[in-house]
Structures are given as C-alpha cells and as structure tokens.
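Chemist: Can you keep this structure in mind? I'll have questions shortly.
The values are calculated or read from the model by the stated rules, or taken from the named source; none is laboratory data. Everything numeric here is computed off the predicted structure, so don't read it as measured data. All Cβ positions, glycine included, derive from the backbone under ideal geometry; neighbour counts span all protein chains shown. Quick note on the areas: whole protein, heavy atoms, side chains included, nothing else; ligands and nucleic acids left out. Shrake-Rupley method; radii C 1.70, N 1.55, O 1.52, S 1.80 Å.
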Amino acid sequence: MPAGALNRTMFVNSRAFRRSFLFRQPRWCVQVVDLVYSVCTLLNAESVDHATPEGFEVDDAPPPSGRWRQHRQGWRILPQDADTDGMVMIRYRQAP
C-alpha cells in the first residue's frame, strides 16, 4: 500500500471519529451546558467544517487569554503565534 493511501485512511478515520464524538457526546451527558471542541490542526475539514451539535449554539465570545484569531465559527492559534502546533477551538453553549 502506498504511503499516501495510509495517510489518507488515517485522516478520514480521524475525521470520522471527531465528528462522531462531537455529535454523540451531548447525548451522553445529560446536563451539558458548555461544550468545547478543540483540535490540534489547522485543516478546516478536521476543525470547522461541520454543523453545530444539536441543542447547542456557537459561543463566539473571545477566549479569555492567548493569541487566538477568529476563524469562521471558532478561534485559531497559528504555530508562529505561540511557538507551538496550530490549534482550533470552537465553544458551544446549550441553546435556550
């Protein structure tokens, strides 16, 4: 199997796991009020290209600290901003 095929499979499986977790987690927890989805990636397909979980809305308030930049429905920190891996964070709150 070519190396590219393995990497693509890992990417697809990783993305599927994240989506599955994000959309099932609120049902596991009965009294979830806030939900933070954070991944160490800058790829939109792995971070922001998904629907808001059922029963939640995006909390677009800026993070309390750090060098976060607004990115679509969430926030992103770039590697050069903090001498670390890139990261994306989306905060959700329970819909009224």
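Chemist: Can you compute the modelled spin-label distance between Glu57 and Leu43, with each label point 7 Å from Cα toward Cβ, in nm?
Modeler: For the pair Glu57/Leu43, the computed spacing is 3.2 nm.
Chemist: Which ³J(HN,Hα) values in Hz, rounded to whole numbers, follow from the phi angles of region 45-52 under the Karplus curve 6.51 cos²θ - 1.76 cosθ + 1.60, where θ = phi - 60° and Gly and Pro get x?
Modeler: In residue order, the calculated couplings are 4, 9, 10, 10, 8, 7, 7, 5 Hz.
Chemist: For a quick check: with amide H placed at 1.01 Å from N, whose amide H comes under 5 Å from His71's, ignoring anything fewer than 5 positions away on the same chain?
Modeler: Those lying under 5 Å, H to H, from His71 are Arg76.
Chemist: Something else now. Keeping every protein chain in place, order Asp83, Asp59, Asp49, Asp34 by accessible area at 1.4 Å, biggest value first, i.e. largest first. Before the final figure, lay out each step's value.
Modeler: Details: Asp83 145, Asp59 35, Asp49 60, Asp34 105 Å².
Reading off the accessible areas and sorting them downward yields Asp83, Asp34, Asp49, Asp59.
Chemist: Still on this structure, I have one more. Count the net charge of all other residues whose Cβ sits under 12 Å from the Cβ of Trp68, scoring Lys and Arg as +1 and Asp and Glu as -1.
Modeler: The answer is +2.
Chemist: Also, quick follow-up: Taking amide H positions as placed 1.01 Å from N in the peptide plane, with prolines and chain starts having none, which residues 5 or more places from His50, or on another chain, fall under 5 Å of its amide H?
Modeler: Hits under the 5 Å cutoff: none.
Chemist: Here is a follow-up. HN-Hα J couplings of region 56-63 from phi, Karplus 6.51/-1.76/1.60, θ = phi - 60°, integer Hz, Gly and Pro as x?
Modeler: Calculated HN-Hα couplings, in order: 10, 9, 6, 9, 8, 5, x, x Hz.
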